Amino acid sequence: MTYGERRGYVDVKKVALYLLLVFVLYSIITSPERSAELVGIGFEGISGAAKGVGSFMTELVN
């Protein structure tokens, strides 16, 4: 399939990304407090995972 043939098809990844973006924006606009809480929880999870990897690497070196 050449590029010219593909132009007629909808790019599923692009559509999914746009739908996700619209959903996130809608969630933020309709419930900013809950959205901020979820972002905080997400960052706490990332922080905890990074600390766990750091502890693992420290024990691995020792």
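Values quoted throughout were computed directly from the atomic coordinates according to the rules given, and no laboratory measurement underlies them. It should be emphasised that the depicted structure is a prediction, and the values quoted were computed from it without experimental measurement. With ideal geometry, Cβ positions are generated from the backbone for all residues, glycine too; neighbour counts draw on all protein chains shown.
Please give the charge dipole size of the chain, origin at the Cα centre, charges +1 on K and R Cβ atoms and -1 on D and E Cβ atoms. Round to the nearest 20 debye.
Charge dipole of the chain: 320 debye, to the nearest 20.
For the chain, count all C-alpha to C-alpha pairs, find those more than 19 Å apart, and express that count as a whole percent of the total.
63
Tell me the mean residue ellipticity at 222 nm calculated for the chain from its helices only (DSSP H runs of n ≥ 4, each -39500 (n - 2.57), averaged over every residue, nearest 500).
-29000 deg cm²/dmol
Note the full-extension length gain between Thr30 and Val15 as 0.36 nm times their separation in residues minus their Cα-Cα distance, in nm to one decimal.
3.2 nm
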